[in-house]
Ligand code: ADP
């Protein structure tokens, strides 16, 4: 099936990427961009070369989380180049190409999809161990085009507890299956809260159904990220790289082992 529906487009001569992962969610607002950032920071702390392709064009929050929103993009006649965060993670996002951060992207799907393709074909990513793609939420045509045209090695699904048991997750799961792209596993965001006084976990949404639901779909649980006010503050101040706790150790370990394969 994949052969019939895939139209991989070639990379440019300035790009040499070992592994490409797409971070997906069934709907917006579950913390997909934050999880993408945490994974990127975690891999970078381990010394890997990491890039983030922000394909969530209608809500491009990656540059803001890393505090590079106003950064100038370099280009020459051959390619345009991603900006570098404080810790040298390479980022490309629509947000960097518009001078006004709050300008809405009022483009139709095909044009958005084309732009994301260009983030792959015309951006000089250089040598990377990992390129993480922060996907548009849902299973619409933009997501479909990205899956078809970029050589994605695996998908990481992000859900919130309420979202987990819904059809939205199942749809995102089925899309990946139909595209024949391996699903690395699932991350539950806003999984629980930590009491600021005693440090105890509070299961705001009741007992987690993550293990149970993941087993039904035969998915690996890559991690659970709590609601952490420190993370919110770091997202807002553009200092996500300073996060003390990334909560995603096992996800990082799985991605490290995939690189060795
Ligand atoms: P999505 O990409 O799914 O639309 P984001 O990752 O942009 O969602 O998250 C939106 C905002 O919600 C973030 O900027 C952050 O402030 C907050 N947020 C998300 N997850 C958490 C969390 N686990 N703890 C604290 N704040 C969070």
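Every number in this text was worked out from the coordinates using simple rules, so none of it is lab data. None of these values were measured; they are calculated from a predicted model. No Cβ is skipped: glycine too gets one built from the backbone with ideal geometry, and neighbour counts run over all protein chains shown.
Scanning the stretch 247-261 for residues that are surrounded by fewer than 19 Cβ atoms within 10 Å (Cβ to Cβ) and within 22 Å of residue 195 (Cα to Cα) yields one hit, 249. Taking residue 65 and the conditions (1) within 15 Å of the ligand (Cβ to nearest atom); (2) closer than 16 Å to residue 137 by Cα; (3) out of contact with any strand residue (DSSP E or B) (no Cβ under 9 Å at 6 or more places or on another chain), which numbered condition does it fall short on, given that it satisfies the others? Here residue 65 meets the rest and fails (2). Among the conditions (1) touching a helix residue (DSSP H, G or I) at 6+ places or on another chain (Cβ under 6 Å); (2) surrounded by fewer than 18 Cβ atoms within 10 Å (Cβ to Cβ), residue 42 misses just one, which is (2). Within the stretch 96-105, not a single residue is touching a residue at least 24 places away in the same chain (Cβ under 8 Å), within 12 Å of the ligand (Cβ to nearest atom), over 21 Å from residue 255 (Cα atoms) and assigned to a helix (DSSP H, G or I).
Going through (1) surrounded by fewer than 17 Cβ atoms within 10 Å (Cβ to Cβ); (2) touching a helix residue (DSSP H, G or I) at 6+ places or on another chain (Cβ under 9 Å); (3) without any contact (Cβ under 8 Å) to a residue 40 or more places away in the chain one by one, residue 223 falls short only on (1). Those strands (runs of 3 or more DSSP E) of the stretch 126-233 in which at least 1 residues are under 14 Å from residue 27 (Cα atoms) and within 15 Å of the ligand (Cβ to nearest atom), considering only elements entirely within it, cover 126-134, 154-159, 183-194.
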